[in-house]
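Engineer: Right, I'll just put the structure down here and ask away after.
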Amino acid sequence: MNIQIIGTRSDPETRKAERFFKERTVPFHFVDLTERPLSRGEIEHIARAVAPEELVDRDGARFKRRSLAHMEFDPAEELAADPLLLRTPIVRNGAKATVGEASATWARWIREARGG
C-alpha cells in the first residue's frame, strides 16, 4: 500500500483519516494543501479515480466566497488555481482515490493489501 492523505491540518475530516490509518498501523504520506498545493497534473491524476465535480467542496466557505455556485466553471481549472477548494480528505492508494470520509473503502484496501 502506498497511502497518501491530502488535506489540511486544521480540517477535522483530514485528521480523522490520519487517525484511521495510524490506528491500523498503516504508514502514509501527508500533503498539507496550505504548504504545498497540488499541481494540475496531480489533480488530473486524482480525477481519473474520482469525478472532478466531486473534488470541489461546494459546502465550503471558499466556494461560497467566490460565488462559484452561480457560475459555470471547469473543476480541474478552478482546483489548480485554488487548491483550497478541494473537498478533503483525499486519500490515494496508487491509482485509486477517495474524497471525504470513506473508511469502508480504506478498510477494504487494507484487507486486500494484507491478503484477506
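Engineer: Can you pull out the residues in segment 85-105 that are of a type outside the set (Ser, Thr, Tyr) and either assigned to a strand (DSSP E or B) or buried (at least 19 other Cβ atoms within 10 Å of the Cβ) (or both)?
Structural biologist: Leu85, Leu86, Arg87, Pro89, Ile90, Val91, Arg92, Asn93, Lys96, Ala97, Val99, listed by residue number.
Engineer: Given (1) touching a helix residue (DSSP H, G or I) at 6+ places or on another chain (Cβ under 8 Å); (2) of a type outside the set (Lys, Arg); (3) over 19 Å from Met1 (Cα atoms), identify the lone condition not met by Ala81.
Structural biologist: (1)
Engineer: Could you tell me which residue of segment 38-61 is nearest to the chain's Cα centre (by Cα), considering only residues that are in a helix (DSSP H, G or I) and of a type in the set (Gly, Ala, Ser)?
Structural biologist: That would be Ala47.
Engineer: Do we find a residue being more than 19 Å from Ser10 (Cα to Cα) and of a type in the set (Val, Ile, Thr) anywhere in segment 80-88?
Structural biologist: No, the conditions are met nowhere in segment 80-88.
Engineer: Might you let me know whether segment 20-27 holds any residue that is at pLDDT below 90 and of a type in the set (Val, Ile, Thr)?
Structural biologist: Scanning segment 20-27, I find no residue that is at pLDDT below 90 and of a type in the set (Val, Ile, Thr), so the answer is no.
Engineer: A further question on this structure: Do you know which residues across segment 49-73 are farther than 13 Å from Gly100 by Cβ and of a type in the set (A, V, I, L, M, F, W, C)?
Structural biologist: Ala49, Ala61, Phe63, Leu68, Ala69, Met71, Phe73, listed by residue number.
Engineer: Restricting attention to segment 62-113, which residues are within 16 Å of Ala17 (Cα to Cα) and of a type in the set (A, V, I, L, M)?
Structural biologist: Hits for segment 62-113 are Leu86, Ile90, Val91, Ala97, Val99, Ala102, Ala104, Ala107, Ile110.
Engineer: Within the set of pairs 6 or more residues apart or between chains, which connect a residue that is within 14 Å of Leu33 (Cβ to Cβ) inside segment 49-64 to a residue that is β-branched (Val, Ile, Thr) and surrounded by 12 or more Cβ atoms within 10 Å (Cβ to Cβ) with Cβ atoms less than 8 Å apart?
Structural biologist: Filtered contacts from segment 49-64: Leu55/Ile43; Leu55/Ile46; Leu55/Ile90; Leu55/Val99; Asp57/Thr88.
Engineer: Inside segment 17-37, can you point out the residues that are surrounded by 13 or more Cβ atoms within 10 Å (Cβ to Cβ) and assigned to a helix (DSSP H, G or I)?
Structural biologist: Within segment 17-37, Ala17, Glu18, Phe20, Phe21 qualify.
Engineer: Output the residues belonging to segment 1-15 that are surrounded by 14 or more Cβ atoms within 10 Å (Cβ to Cβ) and basic (Lys, Arg).
Structural biologist: The answer is Arg15, and nothing else.
The values are calculated or read from the model by the stated rules, or taken from the named source; none is laboratory data. From a predicted model like this one, the values you see are computed outputs, not experimental measurements. Positions of Cβ are generated from backbone atoms using ideal geometry, with glycine treated the same way; all protein chains shown enter the neighbour counts.
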